[in-house]
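Novice: Sharing a structure below in structure tokens format, with a few things to ask.
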Amino acid sequence: MDSASYDLIVVGGGNAALCAALSAREHGARVLLLERAPEAQRGGNTAFTGGGFRMVHHGLEDVRKVVPDLSEGEIANTDFGRYTAEEYLDDLGRVTQYYCHPDLAETVVRQSADTVQWLHGRGVRFVPRFGRYAFKHEGRFRFFGGTVVEASGGGRGLVEAEYKAAARNGVEIRYKARATALLNGRGGVEGVRLLAEGAEETVRARAVVLASGGFEANREWRTRYLGPGWDMAKVRGTRYNTGDGIRMALDIGAQSYGQWSGCHSVSWERNAPDFGDLDARAAFSRNGYPFSIMVNADGRRFVDEGADFRNYTYARYGRVVLEQPGSYAWHVFDAQVAHLLHEEYKSRGATRVQADTLEELVARMEDVHPARFLETVREFNAAVRRDVPFDPNLKDGRCTRGLVIDKSNWANTIERPPFLAYSVTCGITFTFGGLKIDTSARVLDVCDDPLPGLYAAGELVGGLFYYNYPGSAGLMSGSVFGRIAGREGARYALGLQSRAA
Ligand SMILES: Cc1cc2nc3c(=O)[nH]c(=O)nc-3n(C[C@H](O)[C@H](O)[C@H](O)COP(=O)(O)OP(=O)(O)OC[C@H]3O[C@@H](n4cnc5c(N)ncnc54)[C@H](O)[C@@H]3O)c2cc1C
């Protein structure tokens, strides 16, 4: 069946898609947005996020542009610091081992602040990220790690605000509509084929923006591309990101790009459900490991828990846990740091044991080699530089010396009862491999030529993240390229830009 035709179709219903749809409408296009999920589960991984945006800023005045209602008290008691374009580019380069595509990185970084302001102008409310990205130091909040704002209401708040804006601006939306293929004619992309209510349809459009996420929820592709064992990872977010958009574009000659064997993955509650649960969104995170020692089934440490701020290590430590025997690990804390653990460690359903002696603790863990665990803790405690003060607010340099794997910061002895241990496995957030785009968000073929009429944004774009990821760069890059894709797609569709390749 053939339905009505549009100037532009957006495939996907998360942040990148909504930014594309809004931007295309602003440039005069008639837009249809296809969301595979039912309305109650709309918003993809975006709905599961904390809503954090990593943007360039130079302190209070820039923050105020997107948080105009900061109170006098907040202003007086907060040091927002600054996060320059150079620091952002350095972070992207450093954590991706300098594989990050320089032009794509520049585009995200240089347009980050302006794009957050654009979202703010479209009704997205932002608040300072006091909760986890600022510590109180000498009576003032001090931000660290490059992220100062988040959408009010987190990911859900962001999605609600973006869908409201889409409705206000006349974006047509279809839920439970799964795009399955691109219609590709002589002049380029001409629409999509989709499945809705079990029936196939074609919908025509002059341009298509793909924003349908990565392949993290596709067990088979995970095993195929990330490697053996990845079928067993828990999916932290939506069940709908199965790589459809990537496949559809590859089928018409798009170039595969970025790190197909790489993904963002974290320490995650070991007995969490297979997919994310929007109502218990944060309950499964286990981000307190910088203050812990992490041990595996053999009772051994296997990673530098304090290598950097959590923001710069968490996205690669899921893989490290997956690689351990049985793909699990334990975060072990003592009473000296228990107060630093976030709420989710206390949530019902956490796989947690507590004891007054280390012997009892490891007996309760059940699946950790007891003698080696005790030896690990003994060696660790003996190696801690007790002369360096512990400070959770800074990279304190309180390290160990002489261990096979030293801990670089926040090395606390595990000696004061009660002792606590939490069991974790690997939770996958999103995949890094996908399509190649240029800085106009045009999808490129294997010769680096644009596929006429095809644009992409968000998780399914390859080339930005490799090995690791600086926290809160996902929403930011999806917004920047979503906005560009919508604008460029609209201009192409309306004939304001050359329709030749
Ligand atoms: C638990 C969690 C916390 C996170 N926290 C943060 C954070 O604070 N800050 C940050 O920057 N990033 C965060 N991220 C990463 C962030 O979610 C992603 O980078 C970002 O949301 C991706 O946006 P997107 O629009 O590309 O994909 P998504 O938001 O996942 O949207 C993809 C959409 O495509 C739809 N879809 C899939 N296939 C089809 C199809 N065939 N047809 C039609 N529709 C389809 C899906 O239903 C979905 O609506 C987090 C991720 C998770 C899981």
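Where a number appears in this text, it was derived from the coordinates with a stated rule and is not lab data. Bear in mind the structure is a predicted one, so any value in this text is a computation, not a measurement. Positions of Cβ are backbone-derived with ideal geometry, glycine not excepted, and every protein chain shown enters the neighbour counts.
Novice: Return the equivalent ellipsoid semi-axes of segment 88-245 as a descending list in whole Å, where each equals the square root of 5 times an eigenvalue of the C-alpha gyration tensor.
Specialist: Computed over segment 88-245, the values are 34, 23, 18 Å.
Novice: Next question. Ranking request for peptides 339-350, 19-30, 441-452: highest mean number of other beta-carbon atoms within 10 Å first, then the rest in descending order.
Specialist: Ranked by mean Cβ neighbours within 10 Å, highest first: 19-30, 441-452, 339-350.
Novice: What does the highest-first list of 409-420, 68-79, 427-438 look like by mean Cβ count within 10 Å?
Specialist: My ranking of the peptides, most packed first, is 427-438, 409-420, 68-79.
Novice: Ok, one more. Grab every C-alpha pair in segment 328-427, bin the distances at 5 angstrom width from 0 up to the longest one, and report whole percents.
Specialist: 2, 12, 21, 24, 21, 15, 5, 0
Novice: Still on this structure, please answer the following. If I take R0 = 60 Å and measure r between the Cβ atoms of residue 278 and residue 379 in this structure, what FRET efficiency does the formula 1/(1 + (r/R0)^6) give, to the nearest 0.05?
Specialist: According to the calculation, E is roughly 0.90.
Novice: Given Cα pairs under 8 Å that are at least 6 residues apart, what percent is the relative contact order of segment 149-225?
Specialist: For segment 149-225, the relative contact order is 16 percent.
Novice: Right, next: Which whole number in µm²/s is D for segment 391-475 by Stokes-Einstein, with the Kirkwood Rh taken over Cα pairs at 37 °C and 0.692 mPa s?
Specialist: Answer, rounded: 188 µm²/s.
Novice: Can you compute the modelled spin-label distance between residue 85 and residue 195, with each label point 7 Å from Cα toward Cβ, in nm?
Specialist: In this crude label model, residue 85 to residue 195 measures out at 4.5 nm.
Novice: Where does the chain land on Rg(C-alpha)/(2.2 N^0.38 Å)?
Specialist: It is 1.00.
Novice: On to the next question. Calculate the spin-label point distance for residue 448 paired with residue 60, positioning each point 7 Å from the Cα along the beta-carbon direction, and give it in nanometres.
Specialist: Going by the 7 Å Cα→Cβ label model, 4.7 nm.
Novice: Run down the lysines and flag those whose C-alpha is under 29 Å from the C-alpha of residue 164, throwing out any fewer than 8 positions away in its chain.
Specialist: Candidates past the 8-residue exclusion: 65, 176.
Novice: HN-Hα J couplings of segment 375-382 from phi, Karplus 6.51/-1.76/1.60, θ = phi - 60°, integer Hz, Gly and Pro as x?
Specialist: Values, residue by residue: 5, 4, 5, 4, 5, 4, 4, 5 Hz.
Novice: A further question on this structure: For the chain, what is the calculated [θ] at 222 nm in deg cm²/dmol (nearest 500), taking -39500 (n - 2.57) for each run of four or more DSSP H residues and dividing by its residue count?
Specialist: Computed ellipticity for the chain at 222 nm equals -8500 deg cm²/dmol.
Novice: Treating the Cα atoms of segment 150-218 as identical point scatterers in vacuum, please give the log10 of the normalised Debye intensity I(q)/I(0) at q = 0.11, 0.24, 0.28 Å⁻¹, two decimals.
Specialist: Taken in order of the listed q values, log10 I(q)/I(0) reads -0.39, -1.15, -1.19.
Novice: Taking a temperature of 10 °C and a viscosity of 1.306 mPa s, what whole-number D in µm²/s does Stokes-Einstein yield for segment 358-501 with Rh from Kirkwood over alpha carbon pairs?
Specialist: 79
Novice: PRE reach from residue 366 (point 7 Å along Cα→Cβ): which of segment 322-356 fall under 12 Å by backbone N?
Specialist: 351-353, by backbone N distance to the label point.
Novice: Next up: Residue-wise, which Karplus ³J(HN,Hα) couplings in Hz belong to segment 353-359, taking 6.51 cos²θ - 1.76 cosθ + 1.60, θ = phi - 60°, and x for glycine or proline?
Specialist: 10, 9, 7, 8, 10, 5, 4
Novice: Something else: For the chain, give the share of DSSP beta bridges that are antiparallel, in percent and rounded to the nearest 5; count only bridges with both residues there.
Specialist: Among the beta bridges of the chain, antiparallel pairing accounts for roughly 70 percent.
Novice: Further question: Where in segment 285-300 is the amide nitrogen less than 19 Å from a point lying 7 Å along the Cα-to-Cβ axis of residue 142?
Specialist: From segment 285-300, the list is 291.
Novice: Please work out the FRET efficiency for the pair residue 390 and residue 343, using the Cβ-Cβ distance as r and a Förster radius of 25 Å; give the result to the nearest 0.05.
Specialist: According to the calculation, E is roughly 0.70.
Novice: Now, a different point. Debye sum, Cα scatterers, segment 266-364, no solvent: what log₁₀ I/I(0) at q = 0.15 1/Å?
Specialist: -0.62
Novice: While we're looking at this one, here's another question. Find the relative contact order for the chain and round it to a whole percent, using C-alpha pairs within less than 8 Å whose residues are 6+ positions apart.
Specialist: Reported as a whole number, the value is 24 percent.
Novice: Between the DSSP loop rule and a limit of at most 13 other Cβ atoms within 10 Å, which trypsin sites (Lys or Arg not before Pro) in segment 174-281 are left?
Specialist: Passing sites in segment 174-281 are 186.
Novice: What list of ³J(HN,Hα) couplings, whole Hz, do you get for segment 309-322 from phi and the Karplus terms 6.51, -1.76, 1.60, once you set θ to phi - 60° and write x for glycine and proline?
Specialist: Going residue by residue, I get 4, 3, 3, 9, 10, 4, 6, 10, 7, x, 4, 5, 5, 4 Hz, with x marking Gly and Pro.
Novice: Quick one: check the C-alpha center-to-center distance for segment 373-431 versus segment 171-203, whole angstrom.
Specialist: Segment 373-431 and segment 171-203 have Cα centres separated by 52 Å.
Novice: Determine, at each q value in 0.16 (inverse angstroms), the log₁₀ of I(q)/I(0) that the Debye formula gives when each Cα of segment 138-185 is one equal point scatterer.
Specialist: The Debye formula, applied to the Cα set alone, gives -0.74.
Novice: Mind jotting down the three principal axis lengths of segment 188-231 based on Cα atoms? Whole angstrom, largest first.
Specialist: So the three principal-axis extents are 40, 26, 14 Å.
Novice: Counting other beta carbons within 10 Å of each residue's own, what order do 494, 34, 210 fall into, fewest first?
Specialist: Ranked by crowding around the Cβ, least crowded first: 494, 34, 210.
Novice: Once all Cα-Cα distances of segment 53-149 are split into 5 Å bins that start at 0, what whole-number percent is in each one?
Specialist: Histogram of Cα-Cα distances, whole percents per bin: 2, 13, 23, 22, 18, 12, 6, 2, 0.
Novice: Suppose R0 equals 45 Å; then what is the FRET efficiency for residue 416 and residue 130 from their Cβ-Cβ distance, rounded to the nearest 0.05?
Specialist: 0.95
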